[in-house]
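Working notes, beginning with the structure itself.
Read-outs throughout are calculated quantities, based only on the coordinates presented, and are distinct from any laboratory measurement. Everything numeric here is computed off the predicted structure, so don't read it as measured data. Positions of Cβ are generated from backbone atoms using ideal geometry, with glycine treated the same way; all protein chains shown enter the neighbour counts.
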């Protein structure tokens, strides 16, 4: 392929345009322009705009005046915002533990040789690739207070006598959205960790087995340490996505009942888009930023450490 | 695979595996069965007698018909496909170019720019949607497909760049040098030597980007307002729920049909998708 292509190069006199492309710096500059323009226009600029917006009292259609940190002060004293912060951290912590545990377990199962392995792996990823909003509707339907198939099953197994109002009770609603998030996240963990497992040479485990190490010891002293770099990166990625989650809560509860299940993003949406208080909404979603920044810094430091090792 | 008695194989492998498959796939089964079940069967309370929720004896296409005849579902499908394809194409071109420049060219600030692009990869859409909605309105892009075609690359380009850098780094320098000695310009060497070698990477990035943009929700929810402009996830959410009434049959049929294009694209490129997924994490 390469040989065929080379034979077509015979370009004796180079026009000026080509000389520019011959210069490494110019070529790099030209290749990077579209990316930098798009990211600058739709990430860096909105970020600055968001900060400026959050220190005004602007609403939909009203430009607003500078009000300093009034919006931040207001949300700090807002009990719904505080609940949303608490929910976000609870949601992230609980789902991450389960996603990691179940994902690792599934990865270890998929790392074995069995018939239909490729097929199983493809099916396992489905919750991750199917549009989240659409699959979350299936969950909402399963948790429906009157027609819940889960209640039907529990009732017929004799475990409950009355109905469980999954999305009507604050604690049960929180549990429900946590279950959906775990369901959606486990495949991502499993497939990423499986890729990590496949880079570990089986000889290491075999040698340890010959030396008399039990399966649990082999996992703890060989597999887990070697898998740690991949695990770290996957966890940090997932934490960012979970902290900023919107779709699952929006579809399952819309933040209800009585604003009990809001996360940063759903509350920012309700205030900023629902009620039209743009500046306050911007302040709520920017309140996420310090936490995200911390995680990004950890991730960058970690990647640098791994690369320089 | 597992040493020892047969029961160990059941306890340590088959039963957990069955549990995972059931947990991960049951919602899709539920989606499918609801799509083809008549309304009369759908709305039976959970404790009514002689009711089997897991099967239907009277399958119907009524909900699918409703979707295509009474709603703008076909327009939503077309919008979503168009937006996903164009934003994927833009992101691939940008990502391949940027990935090539960052991994194979020497220029000032290369490291800083690489880190900058990596950081934008970690910016979630929910951080910026409010100021972005204002900017979109100011550019007069509100309620058009272009508002999404231009903003989706912000989360697609960083990961395409990241993935392509990995592929380009793996191509030996000698390959490019040989071409240059034979008289190829830098541009030609990139276009005819390096990029063809990285085709698997481009496919991975492309299929991953396509599913991500098909999946996107909050930008589409905030930027689009007229029913004919909507994407599948937003259209299904806003047009099939009236107040507190959920039209579960059409909703599930819409969810099913809205998932099929991604599922088909995915099934053709499972291996590429998986390497895109794992590559995007490991870099």
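Give me P(r) over chain A, computed from all C-alpha to C-alpha distances, binned every 20 Å, as integer percentages.
Percent of pairs per bin, in order: 23, 45, 27, 5, 0.
Counting only C-alpha contacts under 8 Å and six or more residues apart, can you give the relative contact order of segment A:79-308 as a whole percent?
Contact order relative to length: 28 percent.
Take the Cα radius of gyration of segment A:252-305 and divide it by 2.2 N^0.38 Å, with N its residue count; two decimals is plenty.
1.47
Give the average, rounded to an integer, of partner chain Cβ atoms located within 10 angstrom of each Cβ in B:183-195.
5
Apply 1/(1 + (r/R0)^6) to the Cβ-Cβ distance of residue A:220 and residue B:9, taking R0 = 25 Å, and write down the FRET efficiency to the nearest 0.05.
It comes out at approximately 0.65.
Per Stokes-Einstein, at 37 °C and 0.692 mPa s, what whole-number D in µm² s⁻¹ belongs to the protein assembly as shown, with the Kirkwood radius over Cα pairs as the hydrodynamic radius?
Result for D is 126 µm²/s.
What's the angle, to the nearest 10 degrees (0 to 90), between helix B:125-138's Cα axis and the longest principal axis of chain B?
Helix B:125-138 sits roughly 80 degrees off the main axis of chain B.
Pick from A:173, A:287, A:28: which residue has the top mean-square fluctuation in a GNM of chain A where Cα pairs under 10 Å get a spring?
Maximum among the listed residues: A:28.
Which residue, A:194, A:243, A:126, has the most motion in a Gaussian network model of chain A that connects Cα atoms within less than 10 Å?
A:126
Normalising by the residue count of segment B:1-111, find the relative contact order in percent from Cα pairs under 8 Å and 6+ residues apart.
Here the relative contact order equals 17 percent.
What does the highest-first list of A:149-160, B:133-144 look like by mean Cβ count within 10 Å?
Final packing ranking: B:133-144, A:149-160.
How large is the translational diffusion coefficient of segment A:15-54 in µm² per second when you combine the Kirkwood radius over alpha carbon pairs with Stokes-Einstein at 4 °C and 1.567 mPa s?
109 µm²/s
Residue B:181 to residue B:32: extension gain in nm, 0.36 nm per residue of separation minus the Cα-Cα distance?
47.7 nm
In degrees between 0 and 90, to the nearest 10, how far off the longest principal axis of chain B does helix B:248-268 point, with axes built from Cα atoms?
The two axes meet at around 30 degrees.
So how tilted is helix B:199-215 from the main axis of chain B? Cα-based, degrees 0 to 90, rounded to 10.
40 degrees
Set the Förster radius R0 to 45 Å, insert the Cβ-Cβ distance between residue B:75 and residue A:37 as r into 1/(1 + (r/R0)^6), and round the FRET efficiency to 0.05.
0.90
Over all residues in B:266-273, what is the mean tally of Cβ atoms on other chains that come within 10 Å of each residue's Cβ?
Mean number of neighbouring Cβ atoms from other chains: 3.
Could you let me know the centre-to-centre spacing of segment A:80-99 and segment B:141-217, using Cα atoms, in angstrom?
The two parts, judged by their Cα centres, are 36 Å apart.
Give the average, rounded to an integer, of partner chain Cβ atoms located within 10 angstrom of each Cβ in B:114-125.
6
When you take every Cα atom in chain B, what is the radius of gyration, and what is Dmax, the widest Cα pair distance, in Å?
Calculated on Cα positions, Rg and Dmax stand at 23.8, 82 Å.
Using a Gaussian network model on chain A with a 10 Å cutoff between Cα atoms, which of A:147, A:89, A:29 fluctuates the most?
Fluctuation is largest for A:29.
Treat each spin label as a single point 7 Å out from the Cα along the C-beta direction, and report the residue B:245 to residue A:114 distance in nm.
Output for this residue pair reads 4.7 nm.
Do the sum for chain A: with -39,500 (n - 2.57) for every DSSP H run of n ≥ 4, divided by all residues, what is the mean residue ellipticity at 222 nm, to the nearest 500 deg cm²/dmol?
Here the helix-only value at 222 nm equals -21000 deg cm²/dmol.
Just to verify a number: FRET efficiency for residue B:106 and residue B:226, C-beta to C-beta distance, R0 = 60 Å, to 0.05?
For residue B:106 and residue B:226, the calculated efficiency is 0.75.
In whole Å, how far is the Cα centre of segment A:106-126 from that of segment B:100-127?
Cα centroid to Cα centroid, the span is 34 Å.
Rounded to the nearest 500 deg cm²/dmol, what is the calculated helix-only ellipticity per residue at 222 nm for chain B, with -39500 (n - 2.57) per DSSP H run of length n ≥ 4?
Estimated from H runs of four or more residues: -22000 deg cm²/dmol.
In whole percent, what relative contact order does segment A:61-181 give with Cα contacts below 8 Å and a gap of six or more residues?
Normalised by residue count, the contact order of segment A:61-181 is 19 percent.
Just grab the label-to-label distance for residue B:174 and residue A:94, each label 7 Å out from Cα along the Cβ direction, in nm (one decimal).
That separation, rounded to one decimal, is 5.8 nm.
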